1. Among the numbered criteria (1) of a type in the set (Lys, Arg); (2) more than 25 Å from B:Gly9 (Cβ to Cβ); (3) crowded, with 16+ Cβ neighbours inside 10 Å, which single criterion is violated by A:Arg85?
2. Checking A:Lys131 against (1) away from chain B (no Cβ under 14 Å); (2) crowded, with 20+ Cβ neighbours inside 10 Å, which single condition isn't satisfied?
3. Do we find a residue being over 25 Å from A:Glu51 (Cα atoms), of a type outside the set (D, E, K, R), in a helix (DSSP H, G or I) and out of contact with any strand residue (DSSP E or B) (no Cβ under 9 Å at 6 or more places or on another chain) anywhere in the stretch B:42-55?
4. If B:Ser118 meets every condition in (1) at the interface with chain A (Cβ under 9 Å from one of its Cβ atoms); (2) surrounded by fewer than 23 Cβ atoms within 10 Å (Cβ to Cβ) apart from one, which number is that one?
5. Yes or no: the stretch A:94-110 includes at least one residue that is more than 16 Å from the chain's Cα centre (by Cα), part of a helix (DSSP H, G or I) and modelled with pLDDT of 95 or more.
6. For the stretch A:111-130, which residues satisfy the criterion of being under 15 Å from the mean Cα position of the chain (by Cα) and β-branched (Val, Ile, Thr)?
7. Any residue that is free of Cβ contacts under 8 Å to residues at least 40 places away in the same chain, in a helix (DSSP H, G or I), charged (D, E, K, R) and crowded, with 16+ Cβ neighbours inside 10 Å - is there at least one of those in the stretch A:9-25?
8. Please state which one of A:Ala91, A:Ala136, A:Ala72 is over 21 Å from A:His154 (Cα atoms), surrounded by 21 or more Cβ atoms within 10 Å (Cβ to Cβ) and within 14 Å of another protein chain (Cβ to nearest Cβ).
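The values are calculated or read from the model by the stated rules, or taken from the named source; none is laboratory data. Only a predicted model underlies this, so the values are computations on that prediction, with no experimental measurement involved. So basically every Cβ, Gly included, is an ideal-geometry build from the backbone, and we count neighbours across all protein chains shown.
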Protein chains: 2
Amino acid sequence: MIILGIDPGSRITGYGLVEQRGNRLLHIDNGAITTRRGDDLALRLKTIHDELCRVIERYAPVALAVEQIFVAKNALSALKLGHARGVALLAGVNAGLPIAEYTALQVKGAVVGYGRASKDQVQQMVRTLMKLPEIAQEDASDALAVAICHAHSHGLSQRLQSAVRPRPHP
Amino acid sequence: MIILGIDPGSRITGYGLVEQRGNRLLHIDNGAITTRRGDDLALRLKTIHDELCRVIERYAPVALAVEQIFVAKNALSALKLGHARGVALLAGVNAGLPIAEYTALQVKGAVVGYGRASKDQVQQMVRTLMKLPEIAQEDASDALAVAICHAHSHGLSQRLQSAVRPRPHP
């Protein structure tokens, strides 16, 4: 079961793919979609959307996980982020993927075990969990983190379901 | 030459189509894409994108015009607006349409002749120019306004080009 995590941004959109095999979590791929500064907004959005469609087609993930946004530096940066996030979510929903959103607190909690962990701690832990030779590009690492968070949350909900399922009497 | 104006919003996205025939400007269609409040964000974005793709396919406009955003009430509303605006621009760029952005000042100036005109004045003027039986739905009217603005600006640049074109000596 492959999960796609995305960290959208108008300049750089990170993506990360993890596979849940039983209790194990494997790294599949990660990368960063960089848009050209000179390109106009619409072209940059097309690049983000097209590249994500390609990633989805290549790896056929079963779910898309993305960080939930509550705050932004200011309205203009929120607007820019919104554009990128909108086309990223569209790529997922057009491929029929369920979309899960997690708060930064949930992501950090799932990856480091501590919701107030620093950015460095999260990146180091992503590297360790994914057995990467070095820390992934920042946005790609964040994308892997939210994918790991979804895998944990999904695994937990499955275990909870099987725990409450009535067992046949002996 | 048909121009598509769009006024994106996460709940309601207005669209308006005007045709420039010589010096005349004709109303083709206008409407509002309303997303269901209960639907999650990704589904709402899909609705906006799909409906706009349908409008583009039906009327084959040659350009997309949209209002340029500088301010927003707050970061959260900017983020929501950004999502809708992102997928709206994507629908245009995927159809190969050039995208033109105009400030509110430019739109009001083009429609009413006065950049500080009120919302009511703009709506009344859109109704008059388009010969509509009544004022269009608010977002659809705003979408028509930006399409009218593009038609004016485009017509002006064409007239300027022909004015500076060297004429053959008699």
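1. Of the numbered conditions (1) of a type in the set (Lys, Arg); (2) more than 25 Å from B:Gly9 (Cβ to Cβ); (3) crowded, with 16+ Cβ neighbours inside 10 Å, the odd one out for A:Arg85 is (2).
2. Checking A:Lys131 against (1) away from chain B (no Cβ under 14 Å); (2) crowded, with 20+ Cβ neighbours inside 10 Å, the one that fails is (2).
3. The answer is no; no qualifying residue exists.
4. So the condition that B:Ser118 fails would be (1).
5. yes
6. A:Val111, A:Val122, A:Val126
7. no
8. Values: A:Ala136 fails: within 14 Å of another protein chain (Cβ to nearest Cβ); A:Ala72 fails: surrounded by 21 or more Cβ atoms within 10 Å (Cβ to Cβ).
Being over 21 Å from A:His154 (Cα atoms), surrounded by 21 or more Cβ atoms within 10 Å (Cβ to Cβ) and within 14 Å of another protein chain (Cβ to nearest Cβ) holds for just one of A:Ala91, A:Ala136, A:Ala72, which is A:Ala91.
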